[in-house]
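Student: Please find one structure pasted underneath; my questions will follow.
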Amino acid sequence: MTKIKNITFLKTFLFDNSLPPIFKKVSTNNEVIFETKMNSGLNLKNQVLKVKDVPGYLDFKTIKHSNKTIINKVKTLKGHLVELDTFNNISDYLKHNFGSKSRSNLRRYQNRLENCFNIKYVSYFGAIEKKKYNTLFIALRALLIRRFNEKQEANYELQHLDEFHDIVYDLILNKKASLFVIYDDEKPISIRINMFKNNLSYYIISGYDIDYSKFHLGSIDMLKNIEWCINNNFKVYDLLKGYDYYKTKWATKSHYYYTYITYNNSSLSGKYTYIKEAVKYKFYEVFKKYNIISKYKNIKKSIFGIKNNFREKKISASILDFDKKITSKLIVVDIKKNSNYAFLKKPIYDFLFLNNVPLNNITISKLVENSNKFKIKTKNKCHLLIIDN
């Protein structure tokens, strides 16, 4: 019975520091990135080898282990990357990729985040304490779960998080990976895993705290990582596939991924696998063209929302200017330290963004007589925050 062996290219390339057995060498712009000894042990007698997610912007030297070996490839999904070596600094990149209004907005998001909170950016690259490392992975899991529950989508990346946890620590120590973290005081509010191979950098996975979403934290995280990669002389930042609507804004180049299917020329199973894969992605292109994929995703989102009972409910809130004297008894609350008031973070942080006021410059008090009303006192004004149940 013929078996199909599946290999994911980047997993072999980055995790295992090797190449799938059909590749001898990988290069880009005539510069060799990685080369391996010829693998003479490939047996295709009862096997079909399927190498998935091979990026089209890299050049590969393939190995045909015999005259009977067939290597076919199928174009699959679109990927995106930033050509870092074309820019001297982050300002050059921004001028190339964004108009003046978008650049102004990005500066405003970052300035307001840094004004409203005690923000620091840390890249763990070459060194990290194991306790800190484990704590950051716990935080990343929580950020991902909360973010995808908000989107009402299943997060396929979560299933791989334990595997990343097992391998990334040693890769960080060897400068083959990094954890890029944005902190508010000592709390991680955005975490990204990157991996590296020579002068190539790869965006693997990231998560951010949705309480800070008004500040466009995902955009700040992306911008800071591109800046870090430029400053550290990487030539390419591969954003991988998926989320085209978002990644195309940041990418300077798009490319396609390929699936390589290798089999003995007498293998009917190999020929069938190749035809099946080719037909599948032909249909995918048709479905994408006529927006069928988007409709399918919306149906999946609806089903996901029905099947999953979310613990966290969306808070509906309104904030009013309030000049009248409040006669009700007030209790000062700390939304950062007291988890009972964590539900106030999102509306309060939205308020901070809109008014460009530091969190340390406001006082939040609860009206004892009404559990749904809170007083926000700034330097010059009072505001009434009303939580709508």
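Yes/no matrix, rows are residues, columns are (1) out of contact with any helix residue (DSSP H, G or I) (no Cβ under 9 Å at 6 or more places or on another chain); (2) charged (D, E, K, R); (3) in the same structural domain as Asn265 (by TED's automatic domain parsing); (4) surrounded by 14 or more Cβ atoms within 10 Å (Cβ to Cβ):
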{"position": "Asn17", "(1), (2), (3), (4)": "yes, no, yes, no"}
{"position": "Val32", "(1), (2), (3), (4)": "yes, no, yes, no"}
{"position": "Ile63", "(1), (2), (3), (4)": "yes, no, yes, yes"}
{"position": "Ser66", "(1), (2), (3), (4)": "yes, no, yes, no"}
{"position": "Leu94", "(1), (2), (3), (4)": "no, no, no, yes"}
{"position": "Asn105", "(1), (2), (3), (4)": "no, no, no, yes"}
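Student: Looking only at segment 34-51, filter to residues that are farther than 22 Å from Asn198 by Cα, loosely packed, with under 14 Cβ neighbours inside 10 Å and not polar (S, T, N, Q); which one of those is modelled with the lowest pLDDT?
Tutor: Gly41
Student: Given (1) of a type in the set (Phe, Trp, Tyr); (2) part of a helix (DSSP H, G or I); (3) under 17 Å from Ser201 (Cβ atoms), identify the lone condition not met by Tyr109.
Tutor: (3)
Student: Counting just the residues of segment 275-296 that are part of a helix (DSSP H, G or I), among the aromatic types (Phe, Trp, Tyr) and at pLDDT below 90, which one comes out farthest from Ile261 (Cα to Cα)?
Tutor: Here the answer is Tyr296.
Student: Another question about this same structure. Out of segment 221-249, which residues are crowded, with 17+ Cβ neighbours inside 10 Å and part of a loop (DSSP other than H, G, I, E, B)?
Tutor: Passing the criteria: Phe234, Lys235.
Student: Which number in (1) at pLDDT 90 or above; (2) more than 16 Å from Tyr258 (Cβ to Cβ) marks the one condition that Val54 misses?
Tutor: (2)
Student: Please pick out the residue among Lys64, Lys101 that is in a helix (DSSP H, G or I), over 23 Å from the mean Cα position of the chain (by Cα) and among the basic types (Lys, Arg).
Tutor: Lys101
Student: I've got another one for you. May I ask you to list the residues in segment 193-208 that are crowded, with 23+ Cβ neighbours inside 10 Å and not aliphatic (A, V, I, L, M)?
Tutor: Within segment 193-208, Asn194, Ser201, Tyr203, Gly207, Tyr208 meet the criteria.
Rundown of residues vs (1) buried (at least 17 other Cβ atoms within 10 Å of the Cβ); (2) in the same structural domain as Tyr212 (by TED's automatic domain parsing); (3) outside any helix (DSSP H, G or I); (4) not polar (S, T, N, Q), yes/no style:
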{"position": "Ile331", "(1), (2), (3), (4)": "no, no, yes, yes"}
{"position": "Pro347", "(1), (2), (3), (4)": "yes, no, no, yes"}
{"position": "Asp350", "(1), (2), (3), (4)": "yes, no, no, yes"}
{"position": "Leu354", "(1), (2), (3), (4)": "no, no, no, yes"}
{"position": "Val357", "(1), (2), (3), (4)": "yes, no, yes, yes"}
{"position": "Ser365", "(1), (2), (3), (4)": "yes, no, yes, no"}
{"position": "Asn370", "(1), (2), (3), (4)": "no, no, yes, no"}
{"position": "Phe374", "(1), (2), (3), (4)": "yes, no, yes, yes"}
{"position": "Asn380", "(1), (2), (3), (4)": "no, no, yes, no"}
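Student: Could you say whether any residue in segment 2-11 is assigned to a helix (DSSP H, G or I) and either surrounded by fewer than 19 Cβ atoms within 10 Å (Cβ to Cβ) or modelled with pLDDT under 95 (or both)?
Tutor: Yes, there is a match, as at least one residue in segment 2-11 is assigned to a helix (DSSP H, G or I) and either surrounded by fewer than 19 Cβ atoms within 10 Å (Cβ to Cβ) or modelled with pLDDT under 95 (or both).
Student: Turning to a different aspect of this structure: For segment 311-357, how many residues are modelled with pLDDT under 85 and of a type in the set (D, E, K, R)?
Tutor: Adding up the residues that qualify gives 8.
Student: Determine if segment 120-133 includes at least one residue that is in the same structural domain as Tyr243 (by TED's automatic domain parsing), of a type in the set (Phe, Trp, Tyr), assigned to a loop (DSSP other than H, G, I, E, B) and within 17 Å of Lys224 (Cα to Cα).
Tutor: Yes; the residues of segment 120-133 include at least one that is in the same structural domain as Tyr243 (by TED's automatic domain parsing), of a type in the set (Phe, Trp, Tyr), assigned to a loop (DSSP other than H, G, I, E, B) and within 17 Å of Lys224 (Cα to Cα).
Student: Return yes when Leu384 is under 18 Å from Cys116 (Cα atoms) and touching a residue at least 12 places away in the same chain (Cβ under 8 Å) and no when it is not.
Tutor: no
The values are calculated or read from the model by the stated rules, or taken from the named source; none is laboratory data. This structure is a prediction, so every number in the text was calculated from the model and none was measured. Cβ sites come from the backbone with ideal geometry, for glycine too, and all protein chains shown count toward neighbours.
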